[in-house]
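Here is the structure we will look at, set down as C-alpha cells.
The values are calculated or read from the model by the stated rules, or taken from the named source; none is laboratory data. Every value quoted in this text rests on a predicted model; they were computed, and no experiment measured them. Please note: Cβ atoms are built from the backbone with ideal geometry, for glycine as well, and neighbour counts cover all protein chains shown.
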Amino acid sequence: MEIAGRTALVTGGARRVGRAIAIGLARAGGDVVIDHSNSDAEAGEVADLVRREGRRAAVVRADVASAAGRRDMIETAVSQFGRLDILVNNASLFERTAFQDITESDFDRVIGVNLRGPFFLCQEAAPLLKKETGVIINIADLSATQAWPTFAHHAISKAGLLHLSRVLARALAPEVRVNCIVPGTILPPADFEGEDYADGRDRRVTAREGSPQDVVDALLWLIRADFVTGQTVIVDGGRTLL
C-alpha cells in the first residue's frame, strides 16, 4: 500500500512510540487520527507536528477498552476524513506486579487495553478497512515470546495480540493485511529504574541502541509490503539471540 493520501488511526498516539508512529505516517504522506486516553496536551502537540508535515490530523480522547471509546475513534476517522485505511494498535498498559499479587481487576484492566480492546477495534474497523486495501499493525513487545513473571498479565495480553495478528490475517484476507511488530528495549518505561532500562538496552548484538524510529521504519515497510501478512517482525537489535 502506498501511504500517501491514506488515513491512519493510531491508538496511544500521543506519547512515546505512538507519537513517533503518528509523525512517521504523516511524513510518509498519511492523514492521522491520534487517539489518547489522558494526554490532551501531548496529543495536541502531535497533531500540530502532523500538520507541519502538510497532512491533516484529528485528535480523539477515547479508551480502547471501552465500546463507546472505540466507536468514537471510528466515527472521528469517518467524520474528519471519510475513510480509514491503516489501524495501528499501539495503546498499552505496562504494569509490574508479582504473579501472586495480580488481582482480577488488575488482570481485566490490562487485558482490556492490551488485547480485548484491539480485538474489538479491529472488528469495528474491518468494514472500513475492507472498502479498499487495508492494513492493521499490532504493536506487542518481547513479553509476547518470553516468560516475564513480574508482568504475567501483560505478557499474556501481548502473546494474545501476537496470535490475534495471525488469526486476523486469515479472517480479513484478502482485503486487509495484518502484521505485528515486537520492539525490544527502545525507550525506558516511565516507572522503570535506570538500571532496569540499562540492562535491557545493553542486551543486543547490534552496534547501536534502538530508538522509536526503528519501530517506525518497520511499520512503514510492513504497510508497503503488499505480499506480507500474518507475520511478526522483531525489532530488538538481536536481544532474543542472547
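Yes/no per residue for (1) under 17 Å from Leu121 (Cα atoms); (2) in a helix (DSSP H, G or I):
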residue: Asp72; (1), (2): yes, yes
residue: Glu75; (1), (2): yes, yes
residue: Gln80; (1), (2): no, yes
residue: Leu84; (1), (2): yes, no
residue: Ala91; (1), (2): yes, no
residue: Phe94; (1), (2): no, no
residue: Gln100; (1), (2): no, yes
residue: Phe107; (1), (2): no, yes
For this session: Hey, could you check the stretch 182-231 for residues that are in a loop (DSSP other than H, G, I, E, B) and hydroxyl-bearing (Ser, Thr, Tyr) and say which is modelled with the lowest pLDDT?
Result: Thr185
For this session: Tell me, please, whether a residue that is small (Gly, Ala, Ser), surrounded by 15 or more Cβ atoms within 10 Å (Cβ to Cβ) and without any contact (Cβ under 8 Å) to a residue 60 or more places away in the chain can be found in the stretch 96-112.
Result: yes
For this session: Could you list all residues from the stretch 4-38 that are surrounded by fewer than 21 Cβ atoms within 10 Å (Cβ to Cβ) and part of a loop (DSSP other than H, G, I, E, B)?
Result: Ala4, Gly5, Arg15, Ala28, Gly29, Ser37, Asn38
Exercise. Would the stretch 129-141 turn up any residue that is more than 24 Å from Ala225 (Cβ to Cβ) and at pLDDT 95 or above?
Worked result: no
Exercise. Residues Arg177, Arg170, Arg116, Arg166: which one is of a type in the set (Lys, Arg), touching a strand residue (DSSP E or B) at 6+ places or on another chain (Cβ under 6 Å) and modelled with pLDDT of 95 or more?
Worked result: Arg177
Seminar exercise, completed: Scanning the stretch 85-98 for residues that are under 16 Å from the mean Cα position of the chain (by Cα) and hydrophobic (A, V, I, L, M, F, W, C), the one nearest to Gly5 (Cα to Cα) turns out to be Ile86
Exercise. Among the listed residues Asp72, Asp85, Asp63, Asp35, which satisfies the condition of being free of Cβ contacts under 8 Å to residues at least 24 places away in the same chain and of a type outside the set (S, T, N, Q)?
Worked result: Asp72
Problem set entry | Hits in the stretch 111-126 (condition: under 11 Å from Asn90 (Cα atoms) and among the β-branched types (Val, Ile, Thr)) | Val113
Exercise. For the stretch 134-181, what are the residues that are touching a Leu at 6+ places or on another chain (Cβ under 9 Å), closer than 16 Å to Asp236 by Cα and assigned to a helix (DSSP H, G or I)?
Worked result: Ala144, Lys158
Problem set entry | Qualifying positions in the stretch 225-238 - more than 22 Å from Leu164 (Cβ to Cβ) and surrounded by fewer than 21 Cβ atoms within 10 Å (Cβ to Cβ) | Gly238
